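The values are calculated or read from the model by the stated rules, or taken from the named source; none is laboratory data. From a predicted model like this one, the values you see are computed outputs, not experimental measurements. Every residue, glycine among them, receives a Cβ derived from its backbone with ideal geometry; neighbour counts consider all protein chains shown. We work out accessible area using only protein heavy atoms, side chains counted, and drop any ligands, DNA or RNA first. Shrake-Rupley method; radii C 1.70, N 1.55, O 1.52, S 1.80 Å.
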Amino acid sequence: MIAVSSQFISSDRLPPMNVEAEERVLGGILSYPESVSLVANKLLPEHFSLKSHQQIYRAILAVFDSKKQPDLMQIATYLQDRGLIDSIGGQSKLIQLVDCTISAINIDQHAELIIEKYLRRRVIQLGSEISSAGYETSTNLQELISWVQEQTFHTTQTALDGGLRDAKAFKHEQIISQMSKLELEEENPSLRYFKLIDIAKNSGLSVSQLETIYYKHLINDENEPAIPLAEFRKKYGASVNRWFLHGFLSEGKVSLFYGKGGVGKTRLIYDLIHSVANGQSWNGFPVTARSRNILLVQTDESQGDMLEAFNARGITDDMPIMCKSRWTVDHIQQLKKEIIELGINWVVIDSLTAVSSNSIYSENDVPYARPILLLKALAQELGIHISIIHHAVSDGSKPRGTTAIVNAVSDVFCVAAKCDAQRPDSLNRLLKVEKSRSRAPGIYELLFDPEDSSWLLLGKQGEEEDSPSLTIKDKIIGFLQNHPNICYEVAEIQEAIGGNLESIRRCANHLARDGEISCKRLSSGAKGYWIALDGDEHPVYNSPDRDKIANIKIALRAASIEEEDRPMIAQEDRPQNDGLAVLSGIRDHPIIETSNFSTEKSNSMEDRMIADAGNAHQQPVPQAILGGDPQAIIGRSSPQPWYYENIDQPYEQPPAPFVIGQKVIYEGTEYTVLTSTHTHTQLDGIEKAVFNSELAIAAPGAGEENAIAPLEALITTPLKDRLFDSALSEASIEDIREALEKVEAKPRGNLTRIDRLRERLTELKKIEIAEPTICKYKGWEGRFRATREGIEVIAVRPDGAESEPIQLSFKFFEVAISWFKSGVDSEFKED
């Protein structure tokens, strides 16, 4: 802060003033109160040279602002109530002003004389202050010069405007100028806040008020004054979007990617980073340079998780990618400096919540979006693109927080699961273009590939599958990509690629609307289309594999008909597929059934397994089964027993837990061990032994011929439903027929289970009718078998090599065979 003297330079001359003009203005207002509106917007109390005149005019403005007429009586009462009447010279002073005034004519011109004299006095005072400050040699020279610039701005700018400026508007401009300089130039957050406090003190405002004023100023930039169409066309007619990634990333814009937690929005961004950094098209959307410099601000996940995701996607160290793991919106100035120094084209910020952790506002406060406006100004100034990742509300319908977040960005993309909350899908996603100033809205269906963490775009909703227009679109993009930076009319494109002119015109228009190519109206009136590429080395364009996409969509549609409702699992929880799964373009992605389980022992009497006390081989059997079904992983590999899941060391299996003839009691029912060949432990042996038909219901006093068949026993025994379901799924069609014959001959047991037995028999009959147990296709052989989880297949290559059994979740053999043939076709394409 510069310390200066406020005294004028000593002189025998009086400072400039016009007392007569001041009296005429005041007297004219007191005599003709309506005339105050002619001067209120430009004349301020400090413009008057005499203190008494300043107090009177201040009272006039106060009464006028209260929607009252500032006549003699109102002003006298106002000053009397506040004890100021004597300081102005008494009521006689007010009467004198009225008596010396004939009319209010030319009151605005008199006001201009008053302002002119004030400005001259201000110049004299400013010179005195600058002179005094110059003698303070202890002051830093740079700070002194900066202070002189700030102090002279008011006087010089007002004088250039003829002294008719609104002083409040000037004060507003001065505050905005100081705030802009502070926000964009001061890198140290604490020093910036300290200077902000200083500005607040000098302006008589609070820090919160200053920040609100500056935020409103940023919003005001979104309001452009109306201009004639011809001028508008001249101003913007030649401007077009410059894309980094057509359809998604354009120059000078800020985009918002939002979605629910775990939906895959960050992994999608990593896939886009891979394409833009390598100069490779993304699912048919062209990139415009062989490589782009990218800055990833990753504050939402750990460095280890980020690097693991990079490795999974194939992002390597030689790619032009810079990373930051610590950054907040308080450091936008440093970010700007790094962008300039490193030549960054695309900045990715993950996530808005993480980088705004120090904000004094909550997500629901409008000023919370202020940093986005600063980033938007930064993107426009430097010609870069900034993508911000944000979280969605609990139902995923909109971004979390204030609507000002959406209003502040140019493009909004939503990443969502394809199915609703009751049918979540582990791989399919929807990418929704909800808001864009560069392209039309749309919804794209994506499929995540866990093998390389890439995303496959299956198509846009509303587009016809297998439509010839898709091929035409691919040809148009391929032609423009091979002939960049040249604007072509539809007829020229048709001459190059062939086909129907109207079809090409329609497809080109659709491509331009979705941002896949650029378009503008030519001077001839026709539309011109092109793709603008930067640099001498052009990027790589790979058109989508339409046949592969069609096969995948057919298989997914067939699978969705029969697939059970199962929740999504994390990528790291998926077992790796091999065999035919890795040879096919469609992978068998395993699914985890919902399960609430724990390795702790249950205290429920319902879950106890008690050995027969009279048996010589009696051993204490621990409590084993828990509230909730054990976790079952449906996949190619056999799942480990549930007790391996959350303990450091596997359970040590005791030798020979059961022997033939041993009687055990489970849930109040006595069982007889039929075989001891199984390897189950006592911890889970009885339950699994029942599944494998290794136990039978004991018939006291009866011989072996009276033993009831295991499946029938499950129908007539009060066991848990999951035991019956598992046994029913594993049972052959002959076992089910035999059990039904016995039960129907002598009806007894659980009627619901008997009905389910009949339903299962019907299902197996359908499979039996449609089942070719062996399918031979192009030298390959597929061997199919129905299982509890669906259908198991073993693929035999032409050289006779067999794959491990691959477990599919399909219920019908026709679907499984279609999957098998698609896999074989994919293998031949790779060859």
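Consider THR139 carefully, then state whether it is part of a helix (DSSP H, G or I), at pLDDT below 80, open to solvent by less than 70 Å² (accessible area, probe 1.4 Å) and among the β-branched types (Val, Ile, Thr).
So THR139 fails the test.
Hey, can you tell me all the residues within segment 11-36 that are assigned to a helix (DSSP H, G or I), of a type in the set (Asp, Glu) and open to solvent by 50 Å² or more (accessible area, probe 1.4 Å)?
Answer for segment 11-36, where residues must be assigned to a helix (DSSP H, G or I), of a type in the set (Asp, Glu) and open to solvent by 50 Å² or more (accessible area, probe 1.4 Å): GLU20, GLU34.
Residue by residue, here is whether (1) without any contact (Cβ under 8 Å) to a residue 60 or more places away in the chain; (2) within 18 Å of SER87 (Cβ to Cβ); (3) buried (at least 17 other Cβ atoms within 10 Å of the Cβ) holds:
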residue: VAL39; (1), (2), (3): no, no, yes
residue: LEU44; (1), (2), (3): no, no, yes
residue: HIS47; (1), (2), (3): no, no, yes
residue: SER52; (1), (2), (3): yes, yes, no
residue: TYR57; (1), (2), (3): yes, yes, yes
residue: VAL63; (1), (2), (3): yes, yes, yes
residue: LYS67; (1), (2), (3): yes, no, no
residue: ASP71; (1), (2), (3): yes, no, yes
residue: ILE75; (1), (2), (3): yes, yes, yes
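Anything in segment 528-555 that is touching a helix residue (DSSP H, G or I) at 6+ places or on another chain (Cβ under 7 Å), surrounded by fewer than 17 Cβ atoms within 10 Å (Cβ to Cβ) and either farther than 30 Å from LEU427 by Cα or of a type in the set (S, T, N, Q) (or both)? List them, or say none.
If the condition is that a residue be touching a helix residue (DSSP H, G or I) at 6+ places or on another chain (Cβ under 7 Å), surrounded by fewer than 17 Cβ atoms within 10 Å (Cβ to Cβ) and either farther than 30 Å from LEU427 by Cα or of a type in the set (S, T, N, Q) (or both), then SER543 is the only one that fits.
Whether any residue in segment 384-403 is more than 27 Å from VAL240 (Cβ to Cβ) and more than 17 Å from the chain's Cα centre (by Cα) is what I want to check.
Of segment 384-403, the ones more than 27 Å from VAL240 (Cβ to Cβ) are 389-403.
Subsequent filtering for residues that are more than 17 Å from the chain's Cα centre (by Cα) retains none.
No, segment 384-403 contains no residue that is more than 27 Å from VAL240 (Cβ to Cβ) and more than 17 Å from the chain's Cα centre (by Cα).
Tally time: how many residues in segment 424-458 are within 25 Å of VAL409 (Cα to Cα) and hydroxyl-bearing (Ser, Thr, Tyr)?
3
Is it the case that some residue within segment 81-90 is within 60 Å of the chain's Cα centre (by Cα), open to solvent by less than 60 Å² (accessible area, probe 1.4 Å) and over 18 Å from LEU50 (Cβ atoms)?
No: zero hits.
Of the residues that make up segment 434-455, is at least one of a type in the set (D, E, K, R), touching a Gly at 6+ places or on another chain (Cβ under 9 Å), outside any loop (DSSP other than H, G, I, E, B) and within 22 Å of ASN241 (Cα to Cα)? Walk me through it before giving the result.
The initial filter retains those residues of segment 434-455 that are of a type in the set (D, E, K, R), namely 434-435, 437, 439, 445, 449, 451-452.
Filter once more, keeping what is touching a Gly at 6+ places or on another chain (Cβ under 9 Å): 439, 445, 452.
Add one more test, that the residue is outside any loop (DSSP other than H, G, I, E, B), and what stays is 445.
If we keep only those that are within 22 Å of ASN241 (Cα to Cα) too, we end up with none.
Within segment 434-455, not a single residue is of a type in the set (D, E, K, R), touching a Gly at 6+ places or on another chain (Cβ under 9 Å), outside any loop (DSSP other than H, G, I, E, B) and within 22 Å of ASN241 (Cα to Cα).
Looking at (1) in a loop (DSSP other than H, G, I, E, B); (2) on the phi < 0 side of the Ramachandran plot; (3) touching a residue at least 60 places away in the same chain (Cβ under 8 Å), which one does THR402 not meet, given that it meets all the others?
THR402 satisfies every listed condition except (3).
List the pairs whose first member sits in segment 332-356 and is buried (at least 18 other Cβ atoms within 10 Å of the Cβ) and hydroxyl-bearing (Ser, Thr, Tyr), whose second member is in a strand (DSSP E or B) and modelled with pLDDT of 90 or more, and whose Cβ atoms are under 8 Å apart, counting only residues at least 6 apart or on separate chains?
Close Cβ pairs satisfying both conditions: SER351/ILE388; SER351/ILE389; SER351/HIS390; SER351/HIS391.
Please determine, by comparing only the residues of segment 480-495 that are assigned to a helix (DSSP H, G or I) and in contact with a strand residue (DSSP E or B) (Cβ under 8 Å, 6 or more places away or on another chain), which one is nearest to VAL240 (Cα to Cα).
Filtering first and then ranking leaves LEU480.
Cβ-Cβ below 6 Å, separation at least six or inter-chain, first residue in segment 239-261 and in a loop (DSSP other than H, G, I, E, B), second hydrophobic (A, V, I, L, M, F, W, C): which pairs?
HIS246/PHE285; GLY247/PHE285; GLY252/ALA379; LYS260/ALA392
Which of the residues that make up segment 286-299 are of a type in the set (D, E, K, R) and crowded, with 18+ Cβ neighbours inside 10 Å?
Correct list: ARG292 only.
Among the residues of segment 510-527, what is the count of those that are assigned to a loop (DSSP other than H, G, I, E, B), of a type outside the set (A, V, I, L, M, F, W, C) and open to solvent by 10 Å² or more (accessible area, probe 1.4 Å)?
Filtering segment 510-527 for residues assigned to a loop (DSSP other than H, G, I, E, B) gives 514-517, 522-526.
Retained after the next criterion (residues that are of a type outside the set (A, V, I, L, M, F, W, C)): 514-516, 523-525.
From what's left, open to solvent by 10 Å² or more (accessible area, probe 1.4 Å): 516, 523-525.
Final tally of qualifying residues: 4.
Do you know which of the residues in segment 188-204 that are farther than 21 Å from THR328 by Cα and either among the charged types (D, E, K, R) or in contact (Cβ under 8 Å) with a residue 24 or more places away in the chain (or both) is most open to solvent (accessible area, probe 1.4 Å)? If you could, list the steps in order and put the result at the bottom.
Residues of segment 188-204 farther than 21 Å from THR328 by Cα: 198-204.
Next, from what is left, pick out any that are either among the charged types (D, E, K, R) or in contact (Cβ under 8 Å) with a residue 24 or more places away in the chain (or both): 198-199, 201, 203.
Working: ASP198: 63, ILE199: 22, LYS201: 152, SER203: 16 Å².
Filtering first and then ranking leaves LYS201.
For the structure I just gave you, tell me whether ALA309 is more than 24 Å from ASN358 (Cα to Cα), modelled with pLDDT under 95 and surrounded by 17 or more Cβ atoms within 10 Å (Cβ to Cβ). Walk me through it before giving the result.
Working: more than 24 Å from ASN358 (Cα to Cα): yes; modelled with pLDDT under 95: yes; surrounded by 17 or more Cβ atoms within 10 Å (Cβ to Cβ): yes.
When the stated conditions are applied, ALA309 passes them.
So which residues in segment 472-483 are out of contact with any helix residue (DSSP H, G or I) (no Cβ under 7 Å at 6 or more places or on another chain) and open to solvent by 20 Å² or more (accessible area, probe 1.4 Å), if there are any at all?
Across segment 472-483, the qualifying residues are ASP474, ASN482, HIS483.
So which residues in segment 742-760 are at pLDDT 75 or above and open to solvent by 90 Å² or more (accessible area, probe 1.4 Å)?
Answer for segment 742-760, where residues must be at pLDDT 75 or above and open to solvent by 90 Å² or more (accessible area, probe 1.4 Å): ARG758, GLU759.
So that you can scan it fast, the table gives a plain yes or no per residue for (1) part of a helix (DSSP H, G or I); (2) open to solvent by less than 80 Å² (accessible area, probe 1.4 Å); (3) touching a Leu at 6+ places or on another chain (Cβ under 8 Å); (4) touching a residue at least 12 places away in the same chain (Cβ under 8 Å):
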{"position": "LEU94", "(1), (2), (3), (4)": "yes, yes, yes, yes"}
{"position": "LEU97", "(1), (2), (3), (4)": "yes, yes, yes, yes"}
{"position": "ILE102", "(1), (2), (3), (4)": "no, no, no, no"}
{"position": "HIS110", "(1), (2), (3), (4)": "yes, yes, no, yes"}
{"position": "ARG122", "(1), (2), (3), (4)": "yes, yes, no, yes"}
{"position": "GLN125", "(1), (2), (3), (4)": "yes, yes, no, yes"}
{"position": "SER128", "(1), (2), (3), (4)": "yes, yes, no, yes"}
{"position": "ILE145", "(1), (2), (3), (4)": "yes, yes, no, no"}
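Got a sec? Which of ALA416, ALA377 is in contact with a Leu (Cβ under 9 Å, 6 or more places away or on another chain), within 21 Å of LYS253 (Cβ to Cβ) and among the small types (Gly, Ala, Ser)?
None of the other options fit; the residue is ALA377.
Can you tell me which of GLU789, GLU763 is modelled with pLDDT under 80 and outside any loop (DSSP other than H, G, I, E, B)?
GLU763
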